[in-house]
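A short reminder: the numbers here are calculations on the coordinates, not readings from a lab. This is a predicted model, so every value here is computed, not measured. Please note: Cβ atoms are built from the backbone with ideal geometry, for glycine as well, and neighbour counts cover all protein chains shown.
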Amino acid sequence: MDNLILIGFSGTGKSAVGKEVARRLRTEFVDTDTLITQKLNKSIARIFKEDGETVFRAVEQQVVFDTCGLSGIVIATGGGSVTRPSNLEEMLRSGTVICLESSVNTIFERLFPGEGSKLQAETIRPLVQGDNPREAIREIKSSRQEFYSSAHWTVHTDKLTISESAQEVIHAWGLLNRGTSGPKFPLDSLGDEHLAAVVYSSTGPSYVYAGRGLLNELGTWCGAHGLMTKAYLFSDDNVLPLYGSQARSSLEEAGIPTMDFAITAGETSKNLRQAMDCYHWLAESRAERKDFLLALGGGVVGDLGGFIAGTFNRGMPFVQIPTTLIGMVDASIGGKVAVDLPHGKNLVGLFYQPRFVLADVETLMTLPKREMASGWAEAIKHGFIVDTGLLDMFESEAMAIQRLEDPIVSNVIRRSMGIKAEIVSRDEYETLGFRSLLNYGHTIGHALEAASGYKKLLHGEAIAVGMAAAARISHGMGFIRHEVVARHDRLLDRFGLPRRCPGVDLDAVRWAMMSDKKIDRGSIQWVLLEEEGKAVLRSDVPMELVDRVLRDVT
């Protein structure tokens, strides 16, 4: 079973928080107290008064076992349900149990906020009736504490809003289930064979899928994720003629009305002026917050589409449908959405997670050879910073991977997606240092793109040159052996990626590097290799070494 079960004393917020958690996880919410009152057709106070606590606990046990027997739901339990060991055992067996905890004073203030609501609070919670309800709360809560301590996690809600409490519950759920088959809210019927990863974020899980033929089932996937209103299909003038009809047909067959909009393909479209054109399209189409946007295309479409979805009407749901390799293994995962300024890439943006990512490997068949090679750069990067086994696969299966042979290519793509998702889950907002490791090769790569006006190199090509440079800086710092630098060169060469970018103005590259958003107190935060599969952040790289490497790669 894979339920999320809330336990805790009355007044800690189980019902309200549970409803919000279920809304964010897009699944069903069940309150056992509500089911008991429906089953006996009387209030809890009347059950206690007319039938006694023994009858109440017997019915409660039946309801607990019935609800725990379901799958993929959020359950709020009664405060005393844990006092029966069989109930607690069943909860722990059927899913993740999280206790909501509050102080006696907080609970008292929530249950008895004023004279006007005192009678109602006493009626609903008969065990704390009497002349001194605060002391009754203290005694009963103390007697149950050993049961509450059996939870997998505890969230203290005294100073948290319902939204903040729900965020903490989801975060705890994600941490507890990371690296396991874990809870599947709410997609069991679609199976796991295409699931590459789940990004656990403060706004709920974001599912990542990859496989062949998935675009034909786009409408089904949207419905499974609770998206059944109006779809706004956002793409570019290269991709929309190729796959727009296929996507629209699948959506409309599922009963989802769809409108589409295409931008001019290329990095030069990822700007605020183009975003404004898209805002006008949505406004004139009377798009509402409950509607959703699908970004069908490469990294530019995903970045710009996500930026628009995250800001129009203060945020509308969106889906990433990457049709480029670089979009599949990198850009579509993690919720970073942004537009460029003349000063540099991605300087205006936000973190905004997609409902899900759906990568149809068949769309890669129409990708030009150069763009395919560009995409492999980000996947190779994942191998160097985290997973040497992935590097081994690139070396041993290079020809099959480049020919897009299955199952190897789908496995490599899903494995690379999983690396990105795992790092993002550990550091959603890039505040802990983990997510910054994904920027290996990006400092110089982004600077080369900006210095050349985004016209000379594709993004992955720039990252490839940046990785070749970062490897040489790592070697110059004494971190890695020359053999690791040579392995970079061999892999980049084998996948048709550049290691140099001649003819770029070095002063323009330096200026772009110092305008990068990753600058911290005037220092560049370099991502370097300590060894294969282990990246580190360093801010003490001498500029003489950087200049020497820049001259080499340009």
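Observations on the structure shown:
- Principal-axis tilt of helix 115-124 within the chain, Cα atoms, nearest 10 degrees: 80 degrees
- Dipole magnitude (debye, nearest 20) for region 290-351, charges at Cβ of Lys, Arg, Asp, Glu: 140 debye
- Formal net charge of residues neighbouring Thr264 (Cβ-Cβ distance under 12 Å; K, R +1; D, E -1): -2
- The residues Leu529, Leu242, Leu325, Leu432, when put in order of fewest to most other Cβ atoms within 10 Å, stand as Leu432, Leu242, Leu529, Leu325.
- Footprinting exposure proxy for Phe434, Phe318 (fewest neighbouring C-beta atoms within 10 Å first): Phe434, Phe318
- Applied to region 293-309, the Karplus parametrisation 6.51 cos²θ - 1.76 cosθ + 1.60 on θ = phi - 60° returns per-residue 3J(HN,Hα) values of 10, 10, 9, 9, x, x, x, 5, 5, x, 5, 5, x, x, 4, 5, 4 Hz, with x for Gly and Pro.
- Karplus-derived HN-Hα couplings along region 414-426 (A = 6.51, B = -1.76, C = 1.60, θ = phi - 60°), whole Hz, x at Gly and Pro: 5, 5, 5, 4, x, 5, 4, 5, 5, 5, 5, 4, 6
- Here the mean projected area of the convex hull built on the C-alpha positions of the chain is 28.0 nm².
- Distance from the C-alpha centroid of region 4-74 to that of region 440-467: 56 Å, rounded to the whole angstrom.
- Segment Ser103-Gln246, length gained on full extension (0.36 nm per residue, minus Cα span): 45.9 nm
- FRET E, pair Thr431, Asp552, Förster distance 41 Å, beta-carbon r, rounded to 0.05: 0.75
- Against the rule of thumb 2.2 N^0.38 Å, how large the Cα Rg of region 190-367 comes out: 0.93
- On Cα atoms only, tilt of 162-177 relative to the major axis of the chain in degrees: 70 degrees
- Interchain or long-range residues, amide H under 5 Å from Gly441's placed H: Val527
- Spread over its residues, the convex hull of the C-alpha atoms of region 423-553 is 111 Å³ per residue.
- Dividing the radius of gyration of the alpha carbons in region 306-362 by their Kirkwood radius gives 1.00 for Rg/Rh.
- Neighbour-count order for Glu288, Glu378, fewest beta carbons within 10 angstrom listed first: Glu288, Glu378
- Pairwise FRET efficiency - Ser43 versus Thr366, Cβ, R0 = 60 Å, nearest 0.05: 0.40
- Distance from the C-alpha centroid of region 258-277 to that of region 490-504: 30 Å, rounded to the whole angstrom.
- Along region 45-58 the Karplus relation, 6.51 cos²θ - 1.76 cosθ + 1.60 evaluated at θ = phi - 60°, assigns HN-Hα couplings of 4, 5, 4, 4, 6, 8, 10, x, 5, 4, 5, 4, 5, 5 Hz to successive residues, with x for each Gly and Pro.
- Inter-label distance for Gln145 and Ala58, nm, one decimal - labels placed 7 Å from Cα along Cα-to-Cβ: 3.3 nm
- Helical content alone sets the calculated 222 nm signal of the chain at -14500 deg cm²/dmol, taking -39,500 (n - 2.57) per DSSP H segment of four or more residues and averaging over every residue.
- Kirkwood hydrodynamic radius over Cα pairs of region 4-47, then Stokes diffusion coefficient at 10 °C and 1.306 mPa s, in µm²/s: 138 µm²/s
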